[in-house]
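The values are calculated or read from the model by the stated rules, or taken from the named source; none is laboratory data. Since this is a predicted model, take the numbers as computed values, not measurements. All Cβ positions, glycine included, derive from the backbone under ideal geometry; neighbour counts span all protein chains shown.
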């Protein structure tokens, strides 16, 4: 029988496995993934990883492998305008490191993160099974049984569901969610530009939604372009000339001519919050527990915070001789993570509704608010520390760069 079975072989699932096994090598940990081997290598997206999460990756011993592909975000500017406006005034800027030599975030290709975490799993002896889809989950008094599509069964003390925002395991356990659709989609692609970005990230608030320009290594940037769903589908299906022309209107000309170098995909945007993060013999982590709007760039980072809290909960319970799958043990993890997740879900929801419109009184009020923050350095410092995860009370040890 396993001690812990993780369902989902993305960055959150792999990080849970590495964090737990590294701190408690005697625990039997396995990862199963419904997708076939090699699918993860086709992910062209990149993610903003906050400073606290890079500390955790350093503890795992994988940051040195990831860092060459990581682009530090040294500055961020926020504008609020219409697409047709000839000038986009900057209302808010964030500069500098949260700690000496550590920027508040890095942009990292998802492929680099997953590759490094899979390597760590291999070194720790964690088996990853592909093509293993779960079809049934049953929790018992001392173990859980997971049935796979081929009819085989796996017994384990604890199942960790990291199987995405449409988590089947969450549904099997009867955990309900709060969910709504924004009627928006996020277009994700990568562009090359003539001039260097110098590590500057930009968030342009446009009437249809935020348009984020996020620096990658070299003269490249990752884009998260929010549009109403019908418009996003039309843009993704359009020919290259139309797509690049619409892109240039939003991107501007400050970095010169643009060339789209990655595939382009549109992902529907909504808010999903699980009413509970736990059930008997089950814990949710990552998108299985919460799916939020990308307006703050915190989606993956919320998942990494789950990883740090869950691993510390499990390892400390095991050291005390407790049953790691017992509900009273898992309650600590839920208490640790629910408020922060709810707060971030509400924050992104309010920000998206506040900025994704062209109502003049609302525009005046929000620009005034941005201007006030810009003129208060201590308030800006607080916000950036919160966003980077370096000024959070009761933070899990991994996020502070400490071993469990």
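Report the residue count in the range 135-150 for those that are at pLDDT below 95 and either buried (at least 21 other Cβ atoms within 10 Å of the Cβ) or not assigned by TED's automatic domain parsing to the domain that holds residue 65 (or both). Qualifying residue count for the region: 0.
Being modelled with pLDDT of 95 or more, crowded, with 20+ Cβ neighbours inside 10 Å, in contact with a helix residue (DSSP H, G or I) (Cβ under 7 Å, 6 or more places away or on another chain) and not in a helix (DSSP H, G or I) is a property that holds for residue 160. Counted as qualifying within the range 1-77 are the strands (runs of 3 or more DSSP E) with 1 or more residues that are in contact with a helix residue (DSSP H, G or I) (Cβ under 9 Å, 6 or more places away or on another chain) and in the same structural domain as residue 287 (by TED's automatic domain parsing), namely 2-7, 29-33, 46-50. For the range 273-298, a residue qualifies if it is under 15 Å from residue 347 (Cβ atoms) and in contact with a strand residue (DSSP E or B) (Cβ under 7 Å, 6 or more places away or on another chain), and the qualifying residues are 273, 290, 291, 292, 293, 294, 295, 297. Screening residue 204 with (1) part of a loop (DSSP other than H, G, I, E, B); (2) modelled with pLDDT under 95 gives one miss only, at (1). When you go through 39, 114 one by one, which is the residue that is under 30 Å from residue 131 (Cα atoms) and at pLDDT 95 or above? None of the other options fit; the residue is 114. Within the set 198, 194, 153, the sole residue that is without any contact (Cβ under 8 Å) to a residue 24 or more places away in the chain and either in the same structural domain as residue 314 (by TED's automatic domain parsing) or surrounded by fewer than 17 Cβ atoms within 10 Å (Cβ to Cβ) (or both) turns out to be 153.
Return a yes/no flag: does the range 297-305 have any residue that is in the same structural domain as residue 157 (by TED's automatic domain parsing), closer than 30 Å to residue 212 by Cα and not in a helix (DSSP H, G or I).
Yes: the range 297-305 contains one or more residues that are in the same structural domain as residue 157 (by TED's automatic domain parsing), closer than 30 Å to residue 212 by Cα and not in a helix (DSSP H, G or I).
Hey, among the residues in the range 63-84 that are crowded, with 21+ Cβ neighbours inside 10 Å and under 18 Å from the mean Cα position of the chain (by Cα), which one's modelled with the lowest pLDDT? Result: 73. Taking the range 324-359 as the range and being out of contact with any strand residue (DSSP E or B) (no Cβ under 7 Å at 6 or more places or on another chain), modelled with pLDDT of 95 or more and in a loop (DSSP other than H, G, I, E, B) as the test, only 326 passes. Within the range 241-264, the only residue that satisfies the criterion of being in contact with a helix residue (DSSP H, G or I) (Cβ under 7 Å, 6 or more places away or on another chain) and surrounded by fewer than 17 Cβ atoms within 10 Å (Cβ to Cβ) is 260.
Taking (1) outside the structural domain of residue 220 (by TED's automatic domain parsing); (2) modelled with pLDDT under 95; (3) not in a loop (DSSP other than H, G, I, E, B) in turn, residue 132 satisfies each apart from (3).
For the range 236-257, state whether one or more residues are touching a strand residue (DSSP E or B) at 6+ places or on another chain (Cβ under 7 Å), touching a residue at least 60 places away in the same chain (Cβ under 8 Å) and in a strand (DSSP E or B). Scanning the range 236-257 turns up no residue that is touching a strand residue (DSSP E or B) at 6+ places or on another chain (Cβ under 7 Å), touching a residue at least 60 places away in the same chain (Cβ under 8 Å) and in a strand (DSSP E or B).
Counting the residues of the range 209-240 that are over 30 Å from residue 67 (Cβ atoms) and surrounded by 19 or more Cβ atoms within 10 Å (Cβ to Cβ) gives 3.
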